[in-house]
Amino acid sequence: MKISEKLKQRAQDLCELCTTEIPTEAYAVSPKNNDLIENEVAVCTTCLAIIEGKEAGNHWQCLAGSIWNTAPSVQALSYRLLYELKNKEWANEILTSVELEEPVVTWALSAFIKSPIHVDSNGTELLNGDTVVLTQGLNVKGANFMAPKGTIVKKIHLVADNPEQIEGKVNEQTIVLLTKYLRKSN
């Protein structure tokens, strides 16, 4: 994305990673986007090409300086790039020499964390908002009713930390259902 004047000023018209070239792009550090300057890093064409897959060689040794930048987005991107190279001694030394705030480290490592995939009894992936059908009758704990086989549950919500559970409304009550007892409805 085109670099804004405000970002150029923050970067002092130098790439925030290598600090040797003029920045040409505003790089959004995922999973965030370019809606705020706080999510962006001013990068040069060389650094951008390496981020996008070009061979880095020893180029990323410049991150020894950028990891100390005061902008959390620069810290997060520097940490993420170094983390990918943590098996190299110099990169590991840089990573262990800095103590970043926990939200910055979480942001940096978010690229390596895979979200759990929720699947129904047939192995079909479930998404938030899907409609499912119960494949067997379920006795609902904590309530005085049974959800019969064939009950349709609309607009489900995935339980983020447990891929075997979803939430949905049955008889006007939000309940937790096990994915092995339901199938996605078309």
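Since every read-out is calculated from the coordinates, none of them should be taken as a lab result. Not measured: the values here are computed from a predicted model. Cβ sites come from the backbone with ideal geometry, for glycine too, and all protein chains shown count toward neighbours.
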Exercise. Cα centroids of the range 140-177 and the range 76-106: how far apart, whole angstrom?
Worked result: 41
Problem set entry | Hz values of 3J(HN,Hα) by residue in the range 40-50 - Karplus curve (6.51, -1.76, 1.60), Gly and Pro given as x | 10, 10, 7, 10, 8, 5, 5, 5, 4, 4, 6
Exercise. Using a simple spin-label model with points 7 Å from Cα along the Cα→Cβ vector, what separation in nm is obtained for Gln9 and Leu109?
Worked result: 3.6
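Would you compute, from DSSP H runs of 4+ residues alone, the mean residue ellipticity of the chain at 222 nm, taking -39500 (n - 2.57) per run and dividing by the full residue count, rounded to the nearest 500?
Details: 6 runs with 47 residues, N = 186.
One gets -6500 deg cm²/dmol as the mean residue ellipticity at 222 nm.
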For this session: Identify unpaired cysteines across the chain, taking unpaired to mean no other cysteine Cβ lies under 4.7 Å from the residue's Cβ.
Result: Cys47
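Just round it to a whole percent: the fraction of Cα-Cα distances in the chain exceeding 24 Å.
On the way: 9155 of 17205 pairs.
Cα-Cα pairs of the chain separated by over 24 Å account for 53 percent.
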For this session: Return the loop-located trypsin sites (Lys or Arg not before Pro) in the range 1-80 (DSSP other than H, G, I, E, B) with at most 13 other Cβ atoms within 10 Å of their own Cβ; answer none if there are none.
Result: Lys2, Lys54
Exercise. In the range 70-85, which residues have a backbone nitrogen under 12 Å from the label point lying 7 Å from Asn58's Cα in the Cα-to-Cβ direction?
Worked result: none
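For the range 92-186, run through the chymotrypsin sites (Phe, Trp or Tyr not before Pro) and keep only the ones in DSSP coil with at most 13 other Cβ atoms within 10 Å of their Cβ. List each step's numbers first, then the result.
Working: sites: Trp107, Phe112, Phe145, Tyr181; in loops: Phe145.
Counting only loop positions with at most 13 other Cβ atoms within 10 Å, the chymotrypsin sites (Phe, Trp or Tyr not before Pro) in the range 92-186 are Phe145.
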Exercise. Between His118 and residues 5 or more places away or on another chain, which pairs have amide H atoms under 5 Å apart, with H built 1.01 Å from N, and which residues are they?
Worked result: Leu126
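Just check the range 62-166 against the gyration tensor rule for me: Cα atoms, a ≥ b ≥ c as the square roots of the eigenvalues, rounded for a/c under 1.5, and otherwise prolate or oblate depending on whether a/b exceeds b/c. Display every interim value, and only then the final one.
On the way: a/c = 4.13, a/b = 3.45, b/c = 1.20.
It is prolate, given that a/c is not under 1.5 and a/b is the larger ratio.
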Seminar exercise, completed: Note, Ile175: beta-carbon cut-off 13 Å, +1 each Lys/Arg, -1 each Asp/Glu, net 0
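So what's the convex hull volume per residue for the Cα atoms of the range 132-184, in Å³? Could you put the intermediate results ahead of the total?
Numbers: hull volume 3.9 nm³, N = 53.
Cα-based convex hull of the range 132-184, divided per residue, equals 73 Å³.
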Exercise. Assuming a viscosity of 1.567 mPa s and a temperature of 4 °C, what translational diffusion coefficient in µm² per second does Stokes-Einstein assign to the range 5-112, Rh being the Kirkwood radius over Cα pairs?
Worked result: 95
